[in-house]
Amino acid sequence: VLATLLLLISLRIFIGIAPRLFDSLTRWKACVNIDASVQLKNDRNTLAVIATLPMALVADRYHFFSAGILDRIPEEWSSPVTLGIIVVWLLIRHLCFYFCSLRAPRPETFRTAHKSFFNYWIIATLLLTLTAGIIGFSNIPDEAGRTILLYELAVMYLIAILRKSQILLSYCGPLTTFLYLCALEFIPTGALIAGCILL
């Protein structure tokens, strides 16, 4: 209910920024244009925060993190724990960005590359929420639905990585771009996957 209310409240903001968000699916410069506008950047950041809750609910419903000790958590704590895992992952990404940004030669471009992830976070949340609704009404088995949703999430993540790499390549070489991607994306995501498996 809370997620639905938040989505309804943020609908006006989403309609205003939606063309720019969807433009970023095909053009990396659309990410730069969003960050160049204070209003668009603030709207994007607000939507990204709101999107975290419905993303966590979809992840919990289809057991994205069903591994190890997570399978033994009481059902009433499943959603909060899933939300907590996502929040911790986002915090790790932010800490990696903070420490890497201390030596970034062009902090603004580096910040744009980092924040561009949230464009695709919003789109992925919308896509997965709509798909989860269709799956629910279509009586598709949960395991098949989980696979579909994970594939969609993986595609959106790859697009986010591609656009981020293009932004980084606009001001640094391929090797530096790869090292930044390792620090900003691969390490936090690897930590998330390893943590779920080891727990």
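Just a few scattered comments:
- Loop-exposed trypsin sites (Lys or Arg not before Pro) per DSSP, neighbour cap 15 Cβ within 10 angstrom, longest uninterrupted part of the chain: 104-199
- Nonpolar atom fraction for the chain, defined as the carbon and sulfur part of the 1.4 Å probe accessible area, stands at 70 percent.
- Rg/Rh, computed from the Cα trace of the stretch 74-199 with Rh as the Kirkwood radius, has the value 1.03.
- In sequence order, the stretch 76-87 has phi-based couplings of 5, 9, 4, 5, x, 5, 4, 4, x, 4, 5, 5 Hz under the Karplus curve 6.51 cos²θ - 1.76 cosθ + 1.60, θ = phi - 60°, and Gly or Pro positions carry x.
- Counting only protein heavy atoms and a 1.4 Å probe, the chain has 55 square angstrom of accessible area per residue.
- Per-residue SASA entry for Val88, accessible area with 1.4 Å probe, Å² rounded to 10: 80 Å²
- Whole-number percent relative contact order across the chain, with pairs defined as alpha carbons under 8 Å at least 6 apart: 30 percent
- Volume of the convex hull of the stretch 25-94 (Cα atoms only), normalised per residue: 112 Å³.
- Relative to one another, the C-alpha centroids of the stretch 86-137 and the stretch 14-49 are positioned 12 Å apart.
- Alpha carbon Rg of the stretch 1-129, scaled by the compact-globule rule 2.2 N^0.38 Å: 1.16
The values are calculated or read from the model by the stated rules, or taken from the named source; none is laboratory data. Keep in mind the model is a prediction, meaning the values are calculated, not measured. Note that we place each Cβ from the backbone using ideal geometry, even for glycine, and neighbour counts take in every protein chain shown. We work out accessible area using only protein heavy atoms, side chains counted, and drop any ligands, DNA or RNA first. Shrake-Rupley method; radii C 1.70, N 1.55, O 1.52, S 1.80 Å.
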